[in-house]
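What follows is a single structure, written as structure tokens, with notes after it.
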2 protein chains.
Amino acid sequence: MAASLRLPSLTSFFTSPSATIRRRSPAVLRWRHRPRYPLTAAFSSQSAAASPPGTEERVAGKKPQSDDRVVTPRSVDFNAWYLDVIDHAELADYGPVRGTMVIRPYGYAIWEAIQEYLNVKFKETGHSNMYFPQFIPYSFIEKEASHVEGFSPELALVTIGGGKELEEKLVVRPTSETIVNHMFTQWIHSYRDLPLMVNQWANVTRWEMRTKPFVRTLEFLWQEGHTAHANPEEAEKEAMQMIDVYTKFAYEQAAIPVIAGRKSKVETFAGASRTYTIEAMMGDRKALQAGTSHNLGQNFSRAFGTQFTDENGQRQHVWQTSWAISTRFVGGIIMTHGDDAGLMLPPRLAPVQVVIVPIWKKDSEKQGVLAAASSVKVVLKSAGIKVQLDDSEQRTPGWKFNFWEMKGVPLRIEIGPRDVSSNSVVVSRRDIPGKQGKVFGISMEPPVIEAYVKEKLDEVQSSLLERAISFRDGNIVDVSSYDELKDAISQGKWARGPWSASDQDELKVKEETGATIRCFPFEQPEEVKTCLMTGIPAKEVAIFAKSY
Amino acid sequence: MAASLRLPSLTSFFTSPSATIRRRSPAVLRWRHRPRYPLTAAFSSQSAAASPPGTEERVAGKKPQSDDRVVTPRSVDFNAWYLDVIDHAELADYGPVRGTMVIRPYGYAIWEAIQEYLNVKFKETGHSNMYFPQFIPYSFIEKEASHVEGFSPELALVTIGGGKELEEKLVVRPTSETIVNHMFTQWIHSYRDLPLMVNQWANVTRWEMRTKPFVRTLEFLWQEGHTAHANPEEAEKEAMQMIDVYTKFAYEQAAIPVIAGRKSKVETFAGASRTYTIEAMMGDRKALQAGTSHNLGQNFSRAFGTQFTDENGQRQHVWQTSWAISTRFVGGIIMTHGDDAGLMLPPRLAPVQVVIVPIWKKDSEKQGVLAAASSVKVVLKSAGIKVQLDDSEQRTPGWKFNFWEMKGVPLRIEIGPRDVSSNSVVVSRRDIPGKQGKVFGISMEPPVIEAYVKEKLDEVQSSLLERAISFRDGNIVDVSSYDELKDAISQGKWARGPWSASDQDELKVKEETGATIRCFPFEQPEEVKTCLMTGIPAKEVAIFAKSY
């Protein structure tokens, strides 16, 4: 079994409590993930005792396994912690090409939950899904001046097709505004064809130099919405509507209290007139741009001649928007909620919302415990709850506790022989460690357990959001001078202050502090303000932060 | 409005009945799509009469519009008919790069219906979705000998990334067996990690020379399942299970009576030990390979060293499968069921199952008709039926009838003033033209209309399948000699006959008749057989046909 010891498969991590301390590199101390629920002697002997005939060897073969899978504590090295969690929770793996990522089933299931919610919202707001080809003639990219400037350094180019050198290089889409406009030009003729509102779920490629799983990869998955309108007001309304959809999604589904606002000119999307963004504070207090919505004005319609005949018979260029959320958001969830025990998933996006762990010592107890566990599973499942019963006999309950905590499952139900006798279960919350998060004696009666679990899932959902809000608000500093800004940034915090200075000043801040303007938040204080940099009047406060 | 006349937007085709005959090319006579429901004088004056104040100009401006959108009859030119239907039903459009396709919302909605069904089936059969990167190092493709031979002529290669020439060319995935095995090798260690069963929904690229929307495009969308097993029996069982899932899908959802069977060695997937296929007969009697499932044996696991430690501690290579269905299937639906009036969709895959067309002459009737139409819509929608109310005032009912027939909507509900008085509706079936498919006096009472519509949808679903079965069976000829085979093929039919001849003989048939072995069907006659080519005993019959 030696081969299975060193690898991140389901069968090879978190085992017996005999910890060994190992080092990954001289700099980073790695320690064994501490089981919060000590494995009692009774538990550790369970699997062999409970094995059906013929499985002894198999179970025995597992027991002396690896202690070498450890998670770096968040406080020691946030980046190492992040990568460890992705590895141990089996969210993703590195692809063979530098900077690419394989999204593993558990990570992909989170993305599917994101898709499920957003897809419905997009349709409710009048958008249809469709699909544009990913190969774009190179000449298209060059048509919109700031677009080519923004994207040409990070293009992947197909130059050979079917064994032959191509006459025109093809760009593997980094985003689709150009090809979308090429098609819109053919479909839009009169004001009756407007608004045209579409979305696609697709892969995109950007040749990034510094990559990080989910956050920045050479290829990633996203949705990109594209709309065309008959006037600028409608386009603006649409761009705002979609950043609002994203904001609600972040708060209500992902429990991420993003700050929504407008990007500075410097940070605006290449080709957009205005970019709206949702900015999230990660556990290390760096900002993550988690979704954007662009008012493209007539920039692409002018470049591609996308015109319509208005109600007065005049030809006009359409006004457009585009907006996107990507698999990067999964990284945002990990870095917002996770802790040293691993992932912590908001119930509304969790692929498994409740895990049931049956516990027994004696063979005579097994049947009753498993029957009770199964019936609770059936009750919860038919109530629409995503529930998993971990009845494998290869692992101890303690191992399972740790494993499902690492996977971020919001609630755990434990059922032992005493619970069966009293017709009740024990429910533990992932977000409250130890005994405080554990409630004994919840009745197994279907209406009771169903209502209890639903209520607890809602509580976990709210509690994750509240915690993230406190963390965010405790780490934003109001500043009124550049010195205060520098001070806040050097403490790792976000600085919020009035800003009306130049693009050059903005770049200077970036050079000197590493922080950029994340956004001018939609929510603005009402007082009269003076620019923190220049002292002249400022209409708005901006938020500065270091970012991913 | 001149610009909007020549284009495939919703507002510009099928208008007044004054037909003009036009020619697309000297060879192909194109004629106006004949409205089956003549637009009466009453209907044709409706839109202006019913217009709210201020819309007269808009409506008036539409009336004298184009007669230039016509569909080639299927019998005149099947290929032209196919392309016309794709265009007129707004299923797809050509992308800017040769051979690429834009899937428009209505076409994409059919693909989404396919995805919805299959995605559930894949999960029910134990598979998880995930995502592999699309860029594959060129060296990977070369590792499996027959795989590289099969795929290297049609590869798209990325040679430049981030402005620099790459050290190793990257293949844009034509299929993912190689990268899947690269990853499986890292994830699989012991028999406990098996079976490993995953699927991805993704785009793939094959540099095809002759392309055709949906059927064969440079880039297409598909799902590809990949599994690894501990023994050959399990892999075989899985490959068979998945071709069975596809077969059921084709029959029960798409109403396409595919013939499932095994590919000949010549036609087996590059890298597979055995390929199973579902073959569908299109309206022109050519065969369409509509889905495949491969038993890969140990071909890829040997090439990539994908091994596991078995229960006896021995290292073994895994046994694998892969299986796929693509957007080509949408082409299969069009070419199986469509007729001269356009698309005809099986209810279970139709994005719109029922369209409601309100009809009124006088303004005084309008409110009552629209109220009734809305209430029927609400009833059907809450019964889970995909219903659309076409209450636009820019078009006559006759125009709408033609339009929604072109879109293949299975049922149409007409509601006029007389229907409102009698609290009833008229229901027309897409699959039965004219008065025969029309039933008057169906009560609007919610339980009645709901039950009636559900029953009719089921009937349309069955009737499409039955019709396709008759067509298929009327066009398969049992042959016992090569002359008979040639005769059947030259008549455009499928030839079924005993076959045990060589690969060379098979290639000779292809050269001389244009037909290939589509499959050795799973359903075989019981009699003793002699090979149609050689006269020696043959275990199986094969089906020969020309194909897409």
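The values are calculated or read from the model by the stated rules, or taken from the named source; none is laboratory data. Quick caveat: nothing in here was measured; it's all calculated off a predicted structure. Virtual Cβ from ideal backbone geometry, glycine too; neighbours counted across all protein chains shown. Keep in mind that these areas ignore ligands, DNA and RNA; they rest on the heavy atoms of the full protein, side chains included. Shrake-Rupley method; radii C 1.70, N 1.55, O 1.52, S 1.80 Å.
Checking the condition open to solvent by less than 70 Å² (accessible area, probe 1.4 Å) and outside the structural domain of B:Ala383 (by the TED database), which residue from B:Ser463, B:Ser443, B:Ser470 passes?
Details: B:Ser443 fails: outside the structural domain of B:Ala383 (by the TED database); B:Ser470 fails: open to solvent by less than 70 Å² (accessible area, probe 1.4 Å).
None of the other options fit; the residue is B:Ser463.
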_Hits in the stretch A:510-548 (condition: in contact (Cβ under 8 Å) with a residue 12 or more places away in the chain, part of a helix (DSSP H, G or I) and not β-branched (Val, Ile, Thr))_ = A:Glu512
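Tell me which strands (runs of 3 or more DSSP E) are completely within the stretch A:219-337 and hold 3 or more residues being within 25 Å of A:Pro410 (Cβ to Cβ), or say none if there are none. Please lay out each step first, then the result.
On the way: elements: A:219-229, A:259-262, A:274-281, A:287-297, A:307-309, A:315-317, A:319-326.
Qualifying strands (runs of 3 or more DSSP E): A:274-281, A:287-297.
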*Considering every residue within the stretch B:140-158, establish whether at least one is at the interface with another protein chain (Cβ under 10 Å from one of its Cβ atoms) and of a type in the set (Asp, Glu).*
yes
*Scan the stretch A:270-290 for residues that are open to solvent by less than 20 Å² (accessible area, probe 1.4 Å) and on the phi > 0 side of the Ramachandran plot and jot them down.*
A:Gly271
*Among the residues of the stretch B:527-540, write down those that are out of contact with any Phe, Trp or Tyr (no Cβ under 7 Å at 6 or more places or on another chain) and surrounded by 18 or more Cβ atoms within 10 Å (Cβ to Cβ).*
B:Lys529
*Six or more apart or on different chains, Cβ under 6 Å: which pairs go from a residue in the stretch A:299-318 that's farther than 21 Å from A:Glu177 by Cα and open to solvent by less than 30 Å² (accessible area, probe 1.4 Å) to one that's in a strand (DSSP E or B) and at pLDDT 95 or above? Could you list them?*
A:Thr309/A:Ser190; A:Thr309/A:Arg315; A:Asp310/A:Gln316
*Scan the stretch A:299-348 for residues that are under 17 Å from A:Gln186 (Cβ atoms) and either among the charged types (D, E, K, R) or assigned by the TED database to the domain that holds A:Gly384 (or both) and jot them down.*
A:Arg302, A:Arg315
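Which of the residues spanning the stretch B:406-431 are farther than 20 Å from B:Ala350 by Cβ and part of a strand (DSSP E or B)? Before the answer, list the steps.
Start the filter on the stretch B:406-431 by keeping residues that are farther than 20 Å from B:Ala350 by Cβ, which leaves B:415-424.
Hits for the stretch B:406-431 are B:Ile415, B:Ser424.
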*asked:* Pairs needed: first member in the stretch B:176-188, facing another protein chain (nearest Cβ under 7 Å); second member anywhere, part of a helix (DSSP H, G or I); C-beta distance under 7 Å; at least 6 residues apart or different chains.
replied: B:Ile179/B:Phe140; B:His182/B:Phe140; B:His182/B:Phe304; B:Trp187/B:Asp193
*Restricting the stretch A:349-375 to residues that are touching a Leu at 6+ places or on another chain (Cβ under 8 Å) and in a helix (DSSP H, G or I), which is surrounded by the most Cβ atoms within 10 Å (Cβ to Cβ)?*
A:Ala373
_Which numbered condition A:Gln524 misses (of (1) closer than 30 Å to A:Ser424 by Cβ; (2) open to solvent by 10 Å² or more (accessible area, probe 1.4 Å))_ = (1)
_Residue ID - surrounded by the fewest Cβ atoms within 10 Å (Cβ to Cβ), chosen from residues in the stretch A:96-139 that are in a loop (DSSP other than H, G, I, E, B) and more than 11 Å from chain B (Cβ to nearest Cβ)_ = A:Gly126
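Select from the stretch B:489-521 the residues that are within 21 Å of B:Ala260 (Cβ to Cβ) and of a type in the set (Gly, Ala, Ser) and write down the one among them that is surrounded by the most Cβ atoms within 10 Å (Cβ to Cβ).
B:Ala495
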*Could you give every pair whose Cβ atoms fall below 6 Å, whose first residue belongs to the stretch A:467-495 and is in contact (Cβ under 8 Å) with a residue 60 or more places away in the chain, and whose second residue is of a type in the set (S, T, N, Q) and in a helix (DSSP H, G or I), counting only separations of at least 6 or pairs across chains?*
A:Ala468/A:Thr336
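Does at least one position in the stretch A:321-332 carry a residue that is touching a strand residue (DSSP E or B) at 6+ places or on another chain (Cβ under 6 Å) and within 14 Å of another protein chain (Cβ to nearest Cβ)?
Going residue by residue through the stretch A:321-332, those that are touching a strand residue (DSSP E or B) at 6+ places or on another chain (Cβ under 6 Å) are A:321-327, A:329, A:332.
Then keep just the ones that are within 14 Å of another protein chain (Cβ to nearest Cβ); that gives A:326-327.
There is at least one residue in the stretch A:321-332 that is touching a strand residue (DSSP E or B) at 6+ places or on another chain (Cβ under 6 Å) and within 14 Å of another protein chain (Cβ to nearest Cβ).
Taking the stretch B:140-155 on its own, how many of its residues are open to solvent by less than 10 Å² (accessible area, probe 1.4 Å) and in contact (Cβ under 8 Å) with a residue 40 or more places away in the chain? Talk me through it step by step, then tell me what you get.
Here is the first cut: in the stretch B:140-155, the residues open to solvent by less than 10 Å² (accessible area, probe 1.4 Å) are B:141, B:147, B:155.
Filter once more, keeping what is in contact (Cβ under 8 Å) with a residue 40 or more places away in the chain: B:147, B:155.
Qualifying residue count, the stretch B:140-155: 2.
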_Looking only at the stretch A:437-454, count every residue that is part of a helix (DSSP H, G or I) and either of a type in the set (Val, Ile, Thr) or more than 24 Å from the chain's Cα centre (by Cα) (or both) and tell me the total._
9
_Being at pLDDT 95 or above and among the β-branched types (Val, Ile, Thr) is true for just one of A:Thr72, A:Thr55. Which residue is that?_
A:Thr72
_Residue within the stretch B:474-482 that is open to solvent by 40 Å² or more (accessible area, probe 1.4 Å) and part of a helix (DSSP H, G or I) present_ = no
_Any hit, the stretch A:194-212, residues being facing chain B (nearest Cβ under 7 Å), surrounded by fewer than 21 Cβ atoms within 10 Å (Cβ to Cβ) and either polar (S, T, N, Q) or in a strand (DSSP E or B) (or both)_ = yes
_In the stretch A:417-438, residue nearest to A:Ser463 (Cα to Cα) [restricted to those that are of a type in the set (Val, Ile, Thr) and open to solvent by 10 Å² or more (accessible area, probe 1.4 Å)]_ = A:Ile432
*Do we have A:Gly492 as on the phi > 0 side of the Ramachandran plot and not assigned by the TED database to the domain that holds A:Val387 here?*
yes
*Got a sec? Which of A:Lys510, A:Lys546, A:Lys486, A:Lys456 is of a type in the set (D, E, K, R) and closer than 30 Å to A:Val409 by Cα?*
A:Lys456
